[in-house]
1. Residue by residue through region 48-75, note down the ones that are closer than 14 Å to residue 37 by Cβ, in contact with a helix residue (DSSP H, G or I) (Cβ under 9 Å, 6 or more places away or on another chain) and not aliphatic (A, V, I, L, M).
2. Just the residues that are over 14 Å from the mean Cα position of the chain (by Cα) and under 23 Å from residue 2 (Cβ atoms), please, taken from region 43-61.
3. List the number of the failed condition for residue 51; all other conditions in (1) modelled with pLDDT under 90; (2) of a type outside the set (Ser, Thr, Tyr); (3) exposed (fewer than 15 other Cβ atoms within 10 Å of the Cβ) hold.
4. In this structure, is residue 15 over 30 Å from residue 128 (Cβ atoms), at pLDDT below 95 and either surrounded by 13 or more Cβ atoms within 10 Å (Cβ to Cβ) or in contact with a His (Cβ under 8 Å, 6 or more places away or on another chain) (or both)?
5. Kindly provide the set of residues from region 32-69 that are aliphatic (A, V, I, L, M), in contact with a Ser or Thr (Cβ under 8 Å, 6 or more places away or on another chain), without any contact (Cβ under 8 Å) to a residue 60 or more places away in the chain and under 21 Å from residue 115 (Cβ atoms), ordered by number.
6. Which numbered condition trips up residue 46, out of (1) among the basic types (Lys, Arg); (2) over 24 Å from residue 24 (Cβ atoms); (3) in a strand (DSSP E or B)?
7. Identify the single condition in (1) touching a residue at least 40 places away in the same chain (Cβ under 8 Å); (2) farther than 20 Å from residue 12 by Cα; (3) surrounded by 13 or more Cβ atoms within 10 Å (Cβ to Cβ) that residue 85 does not satisfy, given that it satisfies every other one.
8. Output the residues belonging to region 89-137 that are surrounded by fewer than 13 Cβ atoms within 10 Å (Cβ to Cβ) and either under 15 Å from the mean Cα position of the chain (by Cα) or part of a helix (DSSP H, G or I) (or both).
Amino acid sequence: MISKSIVTVRYAETDKMGIVHHSVYPIWFELARTDLSEQAGFPYAKMEETGIMLPLVDLNCKYHSPAYYGDKLIVTSTVSKLTPARIVFSYAVYRDENEKPLCIGETVHAIVNMDMRPINTKKLFPEVYEAMEKMMN
C-alpha cells in the first residue's frame with residue numbers, strides 16, 4: 001500500500017530564496033505516514049489508545065532537487081520493512097509522479113508500550129501487526 005498526500009508549499013516553509021527549507025520534509029513525511037496509517041484502517045490515535053507508540057529512532061533524507069513556494073507536491077509513504085518490534089517507512093516527494101523525486105527519505109520507529117519498552121506486536125497485538133502489514137509495499 002502506498003499513500004499519496006498532497007501538499008502545497010506555504011511561504012513559511014521556504015527560505016529567503018523561496019526554496020523549501022530542509023527541515024520541512026520530515027514534517028511532510030509525518031503527514032504521509034499518518035495518512036498511510038489511516039488508509040490501512042488503524043490510525044495513530046487508535047494505535048495509542050491500544051497502548052502502542054512508535055518513537056522515531058532514525059531519520060534519513062536525500063535531497064535531489066528543490067521545491068518552491070506555491071508548488072503542489074505529492075508525498076508518498078509506504079512501509080518498507082516490518083518486524084514485530086520495528087517499522088520502517090519510506091517516502092518520496094514529487095512535483096509530478098512521472099518525474100524523479102525531489103526528495104526521498106526513510107524513518108525507523110521502535111514499536112513500544114506506553115512505558116517506552118519494546119514489545120512484540122505480532123504476539124501481543126496481532127490486529128495492529130496485521131494493519132502494519134497492510135501498509136507494506
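The values are calculated or read from the model by the stated rules, or taken from the named source; none is laboratory data. Everything numeric here is computed off the predicted structure, so don't read it as measured data. Ideal geometry is used to build each Cβ from the backbone, glycine not excepted, and the neighbour counts take in all protein chains shown.
1. 50
2. Listed by number, the residues that qualify are 45, 46, 47, 52.
3. Among (1) modelled with pLDDT under 90; (2) of a type outside the set (Ser, Thr, Tyr); (3) exposed (fewer than 15 other Cβ atoms within 10 Å of the Cβ), the lone unmet condition for residue 51 is (1).
4. Taking the combined requirement at face value, the residue satisfies it.
5. Start the filter on region 32-69 by keeping residues that are aliphatic (A, V, I, L, M), which leaves 32, 36, 40, 45, 47, 52-54, 56-57, 59, 67.
After this cut, where a residue has to be in contact with a Ser or Thr (Cβ under 8 Å, 6 or more places away or on another chain) as well, the list is 32, 36, 47, 52, 56, 59.
Okay, now just the ones that are also without any contact (Cβ under 8 Å) to a residue 60 or more places away in the chain, so 32, 56, 59.
56, the sole residue that qualifies.
6. Going through the list (1) among the basic types (Lys, Arg); (2) over 24 Å from residue 24 (Cβ atoms); (3) in a strand (DSSP E or B), residue 46 breaks only (3).
7. Looking at each condition in turn, residue 85 falls short on (1).
8. Listed by number, the residues that qualify are 123, 126, 127, 137.
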